[in-house]
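These notes are about the structure you will find just below.
The values are calculated or read from the model by the stated rules, or taken from the named source; none is laboratory data. Note that the coordinates shown come from a computational prediction; the quantities given were computed from them, not determined experimentally. So basically every Cβ, Gly included, is an ideal-geometry build from the backbone, and we count neighbours across all protein chains shown.
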Amino acid sequence: MKILVPVKRVVDYNVKPRVKADGSGVETQGVKMSMNPFDEIAVEEAVRLREKGAASEVVAVSIGVTDAQAILRTAMAMGADRAILVQTDLVLEPLAVAKLLKTIVDREEPGLVIMGKQAIDDDMNATGQILAARLNWPQGTFANTVTVGEGWVEVKREVDGGLEIVRLALPAVVTTDLRLNEPRYATMPNIMKARKKPLETIAADALGVDLAPRLETVSVVEPPARKAGVKVSSAAELVEKLRDEAKVI
Amino acid sequence: MTSLVLVEIENGLVKQASRSAVMAARAFGDVDVLVVGEGATVAARIEGVVRVLHADLPPLAETIAALMADHAGDYTHLLAAATAFGKNVMPRLAGLLDVQPVTEVVRILDADTFVRPIYAGNALATVRSKDARKVLTVRGANFDPVPAEGGNAAVESVSAAVEVPDAQIVGLEVTKSDRPELETARVVISGGKAFKDAENFRMLEPIADRLGAAIGASRAAVDSGFAPNEMQVGQTGKIVAPELYIAVGIAGAIQHLAGMKDSKVIAAINVDPEAPIFSVADYGLVGDLFEVLPQFKAALDA
Ligand SMILES: Cc1cc2nc3c(=O)[nH]c(=O)nc-3n(C[C@H](O)[C@H](O)[C@H](O)COP(=O)(O)OP(=O)(O)OC[C@H]3O[C@@H](n4cnc5c(N)ncnc54)[C@H](O)[C@@H]3O)c2cc1C
C-alpha cells in the first residue's frame with residue numbers, strides 16, 4: 001500500500017507572527033519557514049507504517065512555492081521515498097488545495113492519505129475533511145493512534161469528551177493530532193540521502209483545477225493587546241485580590 | 001434567509017456551544033436545527049428555533065455531512081459550534097457542497113463577512129465569502145448561548161438518500177468527571193509541565209473543587225500524561241474564556257495563550273519572573289507551585 005502525505009510550508013512555530021502594516025496579512029518575507037508541525041507527525045506516522053510493513057511506499061506532496069522543496073527534502077530525510085511539488089505562487093485556500101490533492105490522489109492511487117489536522121498559519125482545520133469529501137472516502141480526523149489492517153484502518157480520535165475509535169474501510173484520509181507520535185529528527189546521513197531521492201515538480205495550473213479564492217481578505221489586524229497586570233507577593237494576597245478587587249471568586 | 005445549525009446533545013441537553021451557534025445564526029434570520037440521534041424534543045425547546053430536523057443516524061462525519069448536503073436546499077448558512085464534532089463534520093460538508101468553509105468564526109459582520117483568528121490568535125482576519133452558501137463553525141466563547149427553553153419548534157424526520165463510505169464507531173473512551181465543562185466553566189485552573197508527574201497534577205483538584213472550577217492543561221502536561229487530551233487548552237486544543245483563568249506552572253507559549261487570552265481575569269503562578277504568561281496576567285505570583293498551591297488553598301479556606 002502506498003501512503004500519500006501532504007505537507008505545508010508555514011512560518012515556523014517558534015516565530016512570533018507579525019501583522020503587516022498595510023493590514024493585508026502576516027509577514028512571511030525574511031521569516032523562518034518550516035514544515036507545519038502536524039505534517040511532521042503525518043510523515044512520521046507514514047514512515048513508521050512502512051517500517052512495520054503495513055505500507056510499501058511513502059510519497060510526500062506539497063502545494064506551494066518553489067522553496068517548498070526544502071520541506072519535501074525534510075520529509076524525505078525523515079524517510080519518505082519520493083516527493084511531488086505542485087508548484088504555484090498563489091496563496092491557496094483549503095478547498096483549492098484539496099482539489100489539487102485529489103488530482104494527485106487520482107494519479108498515485110494511495111491506500112491512505114495521512115495529513116496534519118490543521119496548518120498553524122491559517123488554523124483552518126479543513127483540508128483533510130474536504131479532500132475526504134471530494135474523494136468520497138471515509139475520514140479519521142484528529143488521530144491519536146492509527147492501526148492498519150487488511151483493507152481497513154482503525155483510528156483512535158481525540159474528541160471533546162475523550163477518545164473515539166472509528167474503523168474505516170480503505171482507502172481513507174487520516175488527519176493527525178499532537179499525541180499520535182513524536183517525529184524523528186532527520187540525521188545528517190539521511191539528509192544527504194534525501195538529496196538523491198526523486199522530487200517531481202508539477203505546475204498547479206496544469207492540473208485543470210479552479211484555484212480562484214472564495215474568500216476575500218478584507219483586513220488582517222493585531223488582536224487587542226492585553227496589558228500585564230500587577231505582581232502579588234503571596235498566595236494570600238492573590239486570593240484577596242481575586243476576591244475583593246476582581247470579584248471573580 | 002434561513003440557517004441550519006447542527007447541534008450536539010450531551011447528557012440529554014443541547015450543548016451550550018451549540019446554543020451559541022444558534023445565537024450566531026440568528027444574525028442571518030430564521031434558524032432551523034439538525035439533531036442526529038437522540039434529543040430532538042429537547043432541541044425543539046431552544047428559544048427561537050423554527051424547525052428541528054431529526055435524523056436517526058450514527059454520529060459520523062460521513063453520514064451527517066451527506067445528510068446536510070442532501071438537505072442544504074434553500075439554507076443560506078450552515079453552521080455548527082467549533083467543537084471536535086463540528087470541526088470534523090462541517091469542512092466535509094463544505095467539500096461536498098464545493099464551498100470554502102469559514103472556521104472558528106469569532107464575529108459576524110454581515111451575512112458574508114466574518115472575523116476569525118489566524119496564526120494562533122496573533123492576528124484577526126476579516127474575510128468576505130463569495131460562496132453562495134456559507135459553511136461556518138463558530139466559537140462558543142464568542143457568542144452568548146440562546147436559552148435552552150422558550151421555544152416550541154416542529155420536529156421533522158429526515159434521512160439521506162446518498163450512499164456514504166464505509167465507516168463505523170467501534171469504541172469510545174469517555175473521561176467521567178463531576179467538574180464543570182472546560183469550555184463553559186466560570187473558573188478554569190490549568191497546570192503545566194512544572195507539575196512533574198500525574199500525581200502532583202492532582203494538587204489542582206481540591207482547589208478546583210473549592211472554586212467550582214474546570215481543570216485544564218498545557219500541551220506539555222498532556223503529552224507527559226499528567227492530564228487527558230480533552231483537557232488541553234490552546235491553539236490546537238480547547239478555547240476557553242472564563243471569568244477567571246488560573247495558570248499554574250505554565251510558561252505561556254503563544255500556542256497556549258491562543259486558547260485562554262480572552263479570559264476576563266487571568267492569574268498566573270510561575271517560578272520564573274520572566275515567564276511570558278505574566279505578560280497577559282492581571283495577577284502574577286512568582287513562586288514555586290509546590291509551596292504556593294497549599295498556601296493558596298489555605299487562603300481560600302480561611
Ligand atoms: C503545532 C503545535 C501546537 C501546539 N498546541 C498547543 C496547545 O494547544 N496548547 C498548549 O498549551 N501548547 C501547545 N503547544 C506547545 C507549546 O508550544 C508549549 O510547548 C507548551 O504550551 C508548554 O507547556 P508548559 O508551559 O506546561 O511547559 P514548559 O514550557 O516546560 O513550561 C513550564 C513552566 O513552568 C515553570 N515552572 C517550573 N517549575 C515550577 C515550579 N516548581 N513552580 C512554578 N512554576 C514552575 C517554568 O518556569 C515554565 O514557565 C503546541 C505546539 C506546537 C508545535
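Quick rundown of the values:
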read-out	value
Count - residues of segment B:118-141 that are touching a residue at least 24 places away in the same chain (Cβ under 8 Å) and within 7 Å of chain A (Cβ to nearest Cβ)	6
Condition met for B:Val52 (crowded, with 20+ Cβ neighbours inside 10 Å and not charged (D, E, K, R))	yes
Residues satisfying the stated conditions in segment A:1-51, i.e. without any contact (Cβ under 8 Å) to a residue 12 or more places away in the chain and either at positive phi or among the aliphatic types (A, V, I, L, M) (or both)	A:Ala21, A:Gly30
Evaluation of B:Ala221 against (1) in a loop (DSSP other than H, G, I, E, B); (2) near the ligand (Cβ under 6 Å from one of its atoms) (one fails), failing number	(1)
Residue list for segment B:159-173, restricted to those being exposed (fewer than 15 other Cβ atoms within 10 Å of the Cβ), outside any strand (DSSP E or B) and among the hydrophobic types (A, V, I, L, M, F, W, C)	B:Ala161, B:Val162
B:Lys176 outside any strand (DSSP E or B), at pLDDT below 95 and outside the structural domain of B:Ala82 (by TED's automatic domain parsing)	yes
Selected residue (criterion: surrounded by the most Cβ atoms within 10 Å (Cβ to Cβ)) from residues of segment B:183-194 that are facing chain A (nearest Cβ under 9 Å) and outside any strand (DSSP E or B)	B:Glu183
Candidate set from segment B:265-279 (those that are within 28 Å of A:Ala119 (Cα to Cα) and surrounded by fewer than 24 Cβ atoms within 10 Å (Cβ to Cβ)); member that is nearest to the ligand (Cβ to nearest atom)	B:Ala275
Strands (runs of 3 or more DSSP E) wholly inside segment B:1-56 containing at least 1 residues that are among the acidic types (Asp, Glu)	B:30-36
Residues of segment B:94-103 classified as without any contact (Cβ under 8 Å) to a residue 40 or more places away in the chain and either assigned to a strand (DSSP E or B) or of a type in the set (Gly, Ala, Ser) (or both), total	3
Among the candidates A:Ala83, A:Ala46, A:Ala75, residue that is away from the ligand (no atom under 16 Å from the Cβ), of a type in the set (A, V, I, L, M) and under 18 Å from A:Ala172 (Cα atoms)	A:Ala46
Members of segment B:235-250 that are within 19 Å of A:Ala225 (Cβ to Cβ), within 12 Å of the ligand (Cβ to nearest atom) and part of a loop (DSSP other than H, G, I, E, B)	B:Gln235, B:Ile239
Test: residue in segment A:185-208 that is touching a helix residue (DSSP H, G or I) at 6+ places or on another chain (Cβ under 9 Å), more than 30 Å from A:Glu45 (Cα to Cα) and modelled with pLDDT of 95 or more	yes
Where a residue in segment B:207-231 is among the hydroxyl-bearing types (Ser, Thr, Tyr) and its partner, wherever it lies, is part of a loop (DSSP other than H, G, I, E, B), with Cβ under 7 Å and at least six apart	B:Ser218/B:Gly192; B:Ser218/B:Ile250
Residue pairs meeting the criteria (Cβ under 7 Å; at least 6 apart or on separate chains; first more than 7 Å from chain A (Cβ to nearest Cβ) and within 11 Å of B:Ala247 (Cβ to Cβ), in segment B:269-285; second at pLDDT 95 or above and in a strand (DSSP E or B))	B:Ile269/B:Val248; B:Ile269/B:Leu285; B:Asn270/B:Val286; B:Ile277/B:Ala247; B:Ile277/B:Ala268; B:Ile277/B:Asn270
Yes/no for A:Val220 being within 8 Å of another protein chain (Cβ to nearest Cβ), over 24 Å from the mean Cα position of the chain (by Cα) and of a type in the set (A, V, I, L, M, F, W, C)	no
Unmet requirement for B:Val188, which otherwise passes all of (1) in contact with a Pro (Cβ under 8 Å, 6 or more places away or on another chain); (2) free of Cβ contacts under 8 Å to residues at least 60 places away in the same chain	(2)
Residues located in segment B:224-234, provided they are within 11 Å of another protein chain (Cβ to nearest Cβ) and either near the ligand (Cβ under 7 Å from one of its atoms) or of a type outside the set (Gly, Ala, Ser) (or both)	B:Pro228, B:Asn229, B:Glu230, B:Met231, B:Gln232, B:Gly234
Residue that is out of contact with any helix residue (DSSP H, G or I) (no Cβ under 9 Å at 6 or more places or on another chain) and among the charged types (D, E, K, R), where the choices are B:Lys238, B:Lys264	B:Lys264
Qualifying residue in segment B:135-153 (condition: at pLDDT 95 or above, of a type in the set (Ser, Thr, Tyr), surrounded by 13 or more Cβ atoms within 10 Å (Cβ to Cβ) and not in a loop (DSSP other than H, G, I, E, B))	yes
